[in-house]
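Accompanying notes for the structure given below.
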Number of protein chains: 2
Amino acid sequence: MKKLINAPDAVVQDALRGMEAAHGDRLRVSYDPAFVVRVDAPVEGKVGLVSGGGSGHEPMHGGFVGPGMLDAACPGEVFTSPTPDQMEAATKAVNGGAGVLHIVKNYTGDVMNFDMAADLGRGEGIEVESVLTNDDVAVEDSLYTAGRRGVGVTVLLEKICGGAAEDRRSLADVAELGRRVNANGRSMGMALTPCITPASGDPSFELGDNEIEIGIGIHGEPGRFREETRSAAEVAERLAGPIVDDLPFNSGDRVLAFVNGMGGTPLIELYVMYGEVARLLGDRGIQIERNLIGNYITSLEMQGCSITLLRLDDEMIRYWDAPVDTPGLRWGV
Amino acid sequence: MKKLINAPDAVVQDALRGMEAAHGDRLRVSYDPAFVVRVDAPVEGKVGLVSGGGSGHEPMHGGFVGPGMLDAACPGEVFTSPTPDQMEAATKAVNGGAGVLHIVKNYTGDVMNFDMAADLGRGEGIEVESVLTNDDVAVEDSLYTAGRRGVGVTVLLEKICGGAAEDRRSLADVAELGRRVNANGRSMGMALTPCITPASGDPSFELGDNEIEIGIGIHGEPGRFREETRSAAEVAERLAGPIVDDLPFNSGDRVLAFVNGMGGTPLIELYVMYGEVARLLGDRGIQIERNLIGNYITSLEMQGCSITLLRLDDEMIRYWDAPVDTPGLRWGV
């Protein structure tokens, strides 16, 4: 295993120290329990947004903490759910009196722990709501999931709900908007290579020299099938086809098209993929109104990509376009 | 070779199509000769900034085209210099009457071709100046270079000179500022793994399972030495130590610290590295005033990183902070 780390069990803490050193003007890091929080939290009268999950998916979630997006993020160990005490502490830290929204990806551990943290928060008199993402069309149940996995839509939801919270919308409104985003978003991913978790030191799975996996999860969970390497055009069809059919997305729909790198994919390849996705959607009369291209929800050094489509309405566009000032997404400020 | 491409000889063109589809509101793509240009070029009375180089280093340079940074970028084939006709066409396209600055990384082909393009531009009555970057302290001459290689400083120089050009500074001023940035910047990189160019299909070099290379170039050119895998703290010392000693950077200096991923490195590892760099500079009394962390000058899917330090003055800080609106760097707008 070759990694730029000091020790497998120090990765998350060392990376948090790096984040604090780099972004201390905007973020504060609590180490025990571990969470990253806006330096000006709690923001009085604003709904507080908390997310979290296993580490190894950076910039998600810690890199999305800041004005216009998350108020706090709880990092677990690599590919491991954070604990309820982290989530509870983050919830208290961002409570500005307007309630707190938990944004939870559908993995069994995350769901269970955020449920517990929500109960703990309510026990302290904080109004807590939760929104679940489960946008991955690849498989119905997975290694760590009952139902569909939560993947790329999470990034878009954190941005859009972040905009709404900044606009001082109510907890009920922000939660409803988040559920609408999830309901209108679909994703699917694929891998060219596996990733290696620092703790195990071994690849999360094996792929032949000429083999790819379609429908892979962000922890290397099995996808739909393996096959020989394909052209970018064929890979785009294999991912975007099932996504379009699932919702379904129809001619005339306006969408945000998100081509996400798994962490080890060169940007030049993501642009090749985006070109293919744009062509494919154009052929079906689906209008791309906004886009996002890059490494936003990753699986360590895995090579591959995922595609997410979100059917947009005017409110989503307005909050997507709203200013955001985080390490991972920044515009308008 | 597993890549998200359609065909090795179509990668650059397909990626350009993706860029145009994604960013057509801000960029225009010319395919023959190939260059990416601001949609509003030429900007009357503004110095035009043109850069370029081999593809495979994305987002550099095409991803840095936009208000506040480059006016145009010329992509060569992967790891291959663009041709003088591309550079000449880009120079003409961005000439708003205040002259054009070429930003050239020190590689023999790039230097020769930009020289020729500058002559061609002057032949058409355009005032053309050039700034060379040669910030890599690893080796004095390299596989494709007489003198030091131009690497990470190029990104910072494009941003800072872009700010100055947007501020309607004269060609002489912008060129002088660019030379000052290069003179005050130093870089060094390392690799955990090689990369594979689409045309060759083979790794650019071989590294053992437990081996890293210190001082590597962005095309996999040999560095200073190979050794067994080290901790992030030791790697930071091996890169930042020679950088600090070379200029030298002294206690009390204010710097921009740039931790760059080579394309295949997870962001969590870049933050671990940044934490180590910050500690090391702190120990030496060097003050980090600004930072940049992520994949900005890459080598396809190579895993590894580079560190760049730039000694800042007030003018550099002012233009670094100025608004920028490109696919790769965006703030203030």
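The values are calculated or read from the model by the stated rules, or taken from the named source; none is laboratory data. Remember, it's a predicted structure, so these values are computed and weren't measured experimentally. Please note: Cβ atoms are built from the backbone with ideal geometry, for glycine as well, and neighbour counts cover all protein chains shown. In case anyone asks, the SASA skips ligands and DNA or RNA and just uses the protein heavy atoms, side chains included. Shrake-Rupley method; radii C 1.70, N 1.55, O 1.52, S 1.80 Å.
Some values worked out for this structure:
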| item | result |
| --- | --- |
| The stretch B:218-235 residues that are within 18 Å of B:Ser187 (Cα to Cα), paired with ones that are open to solvent by 80 Å² or more (accessible area, probe 1.4 Å) (beta carbon under 6 Å, 6 or more apart) | B:Glu221/B:Leu143 |
| Filtered residues of the stretch B:100-128 (kept if more than 15 Å from the chain's Cα centre (by Cα) and closer than 17 Å to B:Ala73 by Cβ) | B:Val100, B:Leu101, B:Gly109, B:Asn113, B:Phe114, B:Ala117, B:Ala118, B:Gly121, B:Val128 |
| In the stretch B:291-306, the residues that are of a type outside the set (Gly, Ala, Ser), surrounded by fewer than 24 Cβ atoms within 10 Å (Cβ to Cβ) and out of contact with any helix residue (DSSP H, G or I) (no Cβ under 6 Å at 6 or more places or on another chain) | B:Leu292 |
| Meets criteria (farther than 15 Å from A:Val155 by Cα, hydrophobic (A, V, I, L, M, F, W, C), open to solvent by 10 Å² or more (accessible area, probe 1.4 Å) and away from chain B (no Cβ under 14 Å)) for A:Ala41 | yes |
| Count of residues meeting criterion [more than 30 Å from B:Gln303 (Cβ to Cβ) and among the aromatic types (Phe, Trp, Tyr)] in the stretch A:241-265 | 1 |
| Checklist (1) of a type outside the set (Asp, Glu); (2) in a helix (DSSP H, G or I); (3) without any contact (Cβ under 8 Å) to a residue 12 or more places away in the chain; (4) open to solvent by 50 Å² or more (accessible area, probe 1.4 Å) applied to B:Ala10, failing item | (4) |
| All helices (runs of 4 or more DSSP H) inside the stretch A:214-333 with 1 or more residues being more than 9 Å from chain B (Cβ to nearest Cβ) and either in contact with a Pro (Cβ under 9 Å, 6 or more places away or on another chain) or farther than 21 Å from B:Asn6 by Cα (or both) | A:232-246, A:314-321 |
| Residue within the stretch A:97-112 that is within 19 Å of A:Val43 (Cα to Cα), of a type in the set (Asp, Glu) and crowded, with 24+ Cβ neighbours inside 10 Å present | no |
| Subset of the stretch B:277-333 [in contact (Cβ under 8 Å) with a residue 24 or more places away in the chain and of a type in the set (Gly, Ala, Ser)] | B:Gly285, B:Gly294, B:Ser299, B:Gly304, B:Ser306, B:Ala322, B:Gly328, B:Gly332 |
| Boolean, A:Phe205 is at negative phi, at pLDDT 95 or above and either touching a Pro at 6+ places or on another chain (Cβ under 7 Å) or more than 10 Å from chain B (Cβ to nearest Cβ) (or both) | no |
| Enumeration of residues in the stretch B:28-51 that are in contact (Cβ under 8 Å) with a residue 60 or more places away in the chain and in a strand (DSSP E or B) | B:Ser30, B:Gly48, B:Leu49, B:Ser51 |
| Test set (1) out of contact with any Phe, Trp or Tyr (no Cβ under 7 Å at 6 or more places or on another chain); (2) within 14 Å of chain A (Cβ to nearest Cβ); (3) of a type in the set (S, T, N, Q) - B:Thr197 fails condition number | (1) |
| Meets criteria (closer than 30 Å to A:Asp314 by Cβ and either touching a Pro at 6+ places or on another chain (Cβ under 7 Å) or surrounded by fewer than 17 Cβ atoms within 10 Å (Cβ to Cβ) (or both)) for A:Ala183 | yes |
| Top-ranked residue of the stretch A:241-274 - restricted to ones that are open to solvent by 10 Å² or more (accessible area, probe 1.4 Å) and without any contact (Cβ under 8 Å) to a residue 12 or more places away in the chain, ranked as nearest to A:His219 (Cα to Cα) | A:Asp245 |
| A:Gly63 closer than 30 Å to A:Pro203 by Cα, of a type outside the set (A, V, I, L, M, F, W, C) and part of a strand (DSSP E or B) | no |
| Scan of the stretch B:55-84 for residues that are within 11 Å of chain A (Cβ to nearest Cβ) and either free of Cβ contacts under 8 Å to residues at least 24 places away in the same chain or within 14 Å of the chain's Cα centre (by Cα) (or both), ordered by number | B:Ser55, B:Gly56, B:His57, B:Glu58, B:Pro59, B:Met60, B:Gly62, B:Gly63, B:Pro75 |
| Selected residue (only one of B:Ala146, B:Ala138 is under 30 Å from B:Leu239 (Cα atoms), touching a helix residue (DSSP H, G or I) at 6+ places or on another chain (Cβ under 7 Å) and in contact (Cβ under 8 Å) with a residue 12 or more places away in the chain) | B:Ala146 |
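For every residue, the table says whether it meets (1) closer than 19 Å to A:Tyr107 by Cα; (2) touching a helix residue (DSSP H, G or I) at 6+ places or on another chain (Cβ under 9 Å); (3) among the polar types (S, T, N, Q).
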position	(1), (2), (3)
A:Ala191	no, no, no
A:Thr197	yes, yes, yes
A:Pro203	no, no, no
A:Asn210	no, no, yes
A:Glu213	no, no, no
A:Ile216	yes, no, no
A:Glu221	yes, no, no
A:Arg226	no, no, no
